[in-house]
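Below: one structure, written as structure tokens.
The values are calculated or read from the model by the stated rules, or taken from the named source; none is laboratory data. Only a predicted model underlies this, so the values are computations on that prediction, with no experimental measurement involved. Reconstructed Cβ throughout: ideal geometry from the backbone, glycine too, with neighbour counts over all protein chains shown.
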């Protein structure tokens, strides 16, 4: 195996090479959205310059090339998460759309008043609100797996939370606010023992862990492209073929039909049944290029470097007086949420920005997590494989700067 | 821009009012009151006003938020206490003006000029304006009302 060449990798991400307020940019907001390598930018550029046409329609050459590239990306996604078949990969706008699709098309038809939906306390709003909407529509009840002070799932009562009324367990694999890696395989086993289907929100997991949906045995797996070095507006829904076959389409329109008359419409086969309208073709191609890029380096190697960064940053910040880490789970990925004593996170964010350090401050679309810790917001640094130890040092130096200013 | 501008934003007056906010208390006999929220940041405050005819006899606030929002609220209470409604309105207009342009009236602003530091930090303007919008709403209504800034 070739060594992990951070300098070469950073050259692939042109955006990283710039000054912010005369300081080198340290982009540590990857959990919000990641940067894109030239390989992805060029794949999109190539598509629009050479191959742009609608997919699955024309007999002309461009349409064929566009279709081939689009479908090749589907195969890359299938391979990336080790699904059995391309039919199990539905292109969507992102994890949010995928969860809404599953809620409305899979869960809603079989849910009635008194049924239950099980999520956890550390979910992103995208894995809370679609279920609340479903509960309002059906009279079902939202139940929540609690969380510990360390930011780990409290599974002591899990057997009582998975009931005969539970219609789905929807759980994040990695928490965006805390970085916690949840034991989703074990939870899937527990749920399946009671015939409860499982959706895993992998939005924060795919950039950092290698994912095998057959090994996890989850029924649905969702993720967004833009957090894994691909464009915004593209993501994927994985669903077990037998389940997707049974589900009604979510949206109607072109591309999702085989034939239409005013008397009857015959829906298209999988996965097209769920892809109404002209899709984000360039986005899908960009996603395929991002997967190629990650695999060309090796997901395990990327993960190792990131883990080293997180360990170094955790060690550094936890040894600084007046800094409190939020989320200290044993198994974590990428995310370091923290508070600086006596300073509101938004002031922290502004001062960090002036040091060239881009972090997220706020509730991270996980307000229940903030409520749990009794805080309005946190500052959050989140790492990608192109970050460096020097950037962690810049993070620590920015903390000192804040403390000096607010001394 | 360098850290000199950071000092423009986080001036001594701001830091002082953030640490020791003036008129930070509930007012039980307020006759005007409004809630202000900045849902994106989680900044939340209540402004209490006691009017005596046309004069702001007392004004106070409670809440939590970043240094800019807390200091701005504290400075706001100091600057309009004892003023007439028309005077307070004029100050409000000048404060608003200096957040977006440089041609506000320094004589009217006085100490409030420190709030002009947010001009260079567009994402923080809403922090500085929250208490002022809330105060303005409280004046216009004699019942509890909520203000939201984005």
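Table for the structure above
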{"item": "Residue in the stretch A:325-344 that is within 12 Å of chain B (Cβ to nearest Cβ) and assigned to a helix (DSSP H, G or I) present", "result": "no"}
{"item": "Lone qualifier among A:199, A:178 - being in contact (Cβ under 8 Å) with a residue 60 or more places away in the chain, part of a strand (DSSP E or B) and not assigned by TED's automatic domain parsing to the domain that holds residue A:337", "result": "A:199"}
{"item": "Candidates A:407, A:398 - the one that is in contact with a helix residue (DSSP H, G or I) (Cβ under 6 Å, 6 or more places away or on another chain) and either within 13 Å of chain B (Cβ to nearest Cβ) or more than 22 Å from residue A:309 (Cβ to Cβ) (or both)", "result": "A:398"}
{"item": "Yes/no for residue B:108 being surrounded by 21 or more Cβ atoms within 10 Å (Cβ to Cβ) and either more than 12 Å from the chain's Cα centre (by Cα) or under 25 Å from residue A:354 (Cα atoms) (or both)", "result": "no"}
{"item": "Identity of the residue in the stretch A:132-150, in contact with a helix residue (DSSP H, G or I) (Cβ under 8 Å, 6 or more places away or on another chain) and not in a strand (DSSP E or B), that ends up nearest to residue A:371 (Cα to Cα)", "result": "A:133"}
{"item": "Test: residue in the stretch A:120-140 that is touching a residue at least 60 places away in the same chain (Cβ under 8 Å), closer than 21 Å to residue A:240 by Cα and surrounded by 21 or more Cβ atoms within 10 Å (Cβ to Cβ)", "result": "yes"}
{"item": "Residue within the stretch A:362-375 that is modelled with pLDDT under 95, over 18 Å from residue B:65 (Cβ atoms), in a loop (DSSP other than H, G, I, E, B) and more than 11 Å from chain B (Cβ to nearest Cβ) present", "result": "yes"}
{"item": "Extreme residue, farthest from the other protein chains (Cβ to nearest Cβ), among residues of the stretch A:377-389 that are under 23 Å from the mean Cα position of the chain (by Cα) and not in a strand (DSSP E or B)", "result": "A:385"}
{"item": "Residues satisfying the stated conditions in the stretch B:22-40, i.e. within 13 Å of chain A (Cβ to nearest Cβ) and in contact with a helix residue (DSSP H, G or I) (Cβ under 9 Å, 6 or more places away or on another chain)", "result": "B:37, B:38, B:40"}
{"item": "Filter result (part of a helix (DSSP H, G or I) and touching a residue at least 60 places away in the same chain (Cβ under 8 Å)) within the stretch B:4-24", "result": "B:5, B:8, B:9, B:13, B:14"}
{"item": "Any chance residue A:275 is touching a residue at least 12 places away in the same chain (Cβ under 8 Å) and over 30 Å from residue A:6 (Cβ atoms)", "result": "yes"}
{"item": "Hey, residue B:29 surrounded by fewer than 14 Cβ atoms within 10 Å (Cβ to Cβ) and either in contact with a strand residue (DSSP E or B) (Cβ under 9 Å, 6 or more places away or on another chain) or modelled with pLDDT of 95 or more (or both) or not", "result": "yes"}
{"item": "Only one of B:52, B:16, B:8, B:43 that is over 18 Å from residue B:121 (Cβ atoms), within 14 Å of another protein chain (Cβ to nearest Cβ) and more than 12 Å from the chain's Cα centre (by Cα)", "result": "B:16"}
{"item": "Within the stretch A:354-375, considering residues that are touching a strand residue (DSSP E or B) at 6+ places or on another chain (Cβ under 7 Å) and closer than 23 Å to residue A:397 by Cα, the one surrounded by the fewest Cβ atoms within 10 Å (Cβ to Cβ)", "result": "A:358"}
{"item": "Residues that are within 14 Å of another protein chain (Cβ to nearest Cβ) and in contact (Cβ under 8 Å) with a residue 12 or more places away in the chain, drawn from the stretch B:82-128", "result": "B:117, B:118, B:119, B:120, B:121, B:124, B:125, B:126, B:127, B:128"}
{"item": "Candidates B:60, B:69, B:74, B:79, filtered to the one that is within 14 Å of chain A (Cβ to nearest Cβ), touching a helix residue (DSSP H, G or I) at 6+ places or on another chain (Cβ under 7 Å) and surrounded by 20 or more Cβ atoms within 10 Å (Cβ to Cβ)", "result": "B:69"}
{"item": "Subset of the stretch A:151-170 [in a strand (DSSP E or B) and under 22 Å from residue A:378 (Cα atoms)]", "result": "A:153"}
